[in-house]
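Here's the structure we're looking at; comments come further down.
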């Protein structure tokens, strides 16, 4: 039984039995519940925490868990319809309204119902996360002198130095700002580099979170198509000329969602085009630590090859560790660094010091390179398992050449398929996919779905997912229902 479904079922069972206890009555001990329901202590702890969050029980450390007093019925809500007018009026005079559409982001953050295989997730499954190493790092960090004090607003010098060495080239610790993950770094970069109403060049397709940031900032994302070798330089140059944009955001390594790597012959050309346009290139290097075992030597970062301060580099530890270890970095050289720092300080002051200390402990521990090797081997295996299962069970799907890094396949449904219909049919069959439409800021040239192989418990679930998808999509009418 999956851990998540075990927690839900135990919580429901305990809730159904609460009537047996008087208000303030004590529930059985955790040990008793473990023995009675034959589940792990972690499952019991999470189920009780769920009941506590719902206000059904109260946990008293050292004493136990007690039935809570029923909550009084909340007063009827007031009339909030006035907000519709106020929020609309706020953007009436703007060139591009600052509307926030988080649908694409929420699709990768949503927790599927119990029993549904999660091919929509954007993070490593808990079995792939370095949980013991992170727990040990957090414990060591908490004991460091001054660990709970205020850190420098730019971040801990030792952590900035580590990020600088990872980025390479002439980037030094003084060029790095520690951020609260990659999404925070991207938001800071776009706010610093583009005023409201300005065009921002983005790869097409690209990460929905980037499109959401751009639109929420009042900017206008402009698509530049990506092929198997990354962004096309000819179309990039044409987009700069047509729009006058001063920012281009790209993922040169294992691009999300296509998995493309910017070809060696295009790297210098892309840098040259951005420099000639007087524009910044925001390099989102989100997946460098997610290279597969067979990836071979990785290319240097674009920041390492940049001599003129064109590149603003974004890096994060989150994807390779845990969604809750939100520690990342922004690196830039020249006057732009002062603007990035100012926006970072105004938005969040600084990243909590205990989290920075824990990150520093983690990347400096012997367990860190072992973890990266384990992830590299497991992601390669899962990629091959899912690719093979899809080709065997659904030969009509257009499965691309397997990527050498990242955690997703960018798959085109059979001729006539529709990404939203395919996604809905898959969910009915017990498989959560991500529709491709939110990855485009303009009309998509063809339907696609994204399949992640990192968020499942193991390769067996990938095979089962392909079998379920075969049943769901065997009838063309099912996908169009």
| message | Suppose the filter is touching a strand residue (DSSP E or B) at 6+ places or on another chain (Cβ under 7 Å), within 28 Å of residue 294 (Cβ to Cβ) and part of a helix (DSSP H, G or I); does residue 376 pass it? | response | yes
Does residue 338 satisfy the criteria of being under 16 Å from residue 184 (Cβ atoms) and either assigned by TED's automatic domain parsing to the domain that holds residue 136 or modelled with pLDDT under 90 (or both)? no
_Among the residues that make up region 334-342, is at least one of them surrounded by 19 or more Cβ atoms within 10 Å (Cβ to Cβ) and touching a helix residue (DSSP H, G or I) at 6+ places or on another chain (Cβ under 7 Å)?_
yes
Note on region 343-373: residues surrounded by 19 or more Cβ atoms within 10 Å (Cβ to Cβ) and not in a helix (DSSP H, G or I) are 350, 351
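Quick check: is even one residue across region 308-324 in a helix (DSSP H, G or I) and surrounded by fewer than 20 Cβ atoms within 10 Å (Cβ to Cβ)?
Looking for residues that are in a helix (DSSP H, G or I) and surrounded by fewer than 20 Cβ atoms within 10 Å (Cβ to Cβ), one finds none in region 308-324, hence no.
The values are calculated or read from the model by the stated rules, or taken from the named source; none is laboratory data. Bear in mind that the values here come from a model prediction, so they are computed numbers and not experimental data. Quick reminder, even Gly has a Cβ in these numbers, built from the backbone with ideal geometry, and neighbours come from all protein chains shown.
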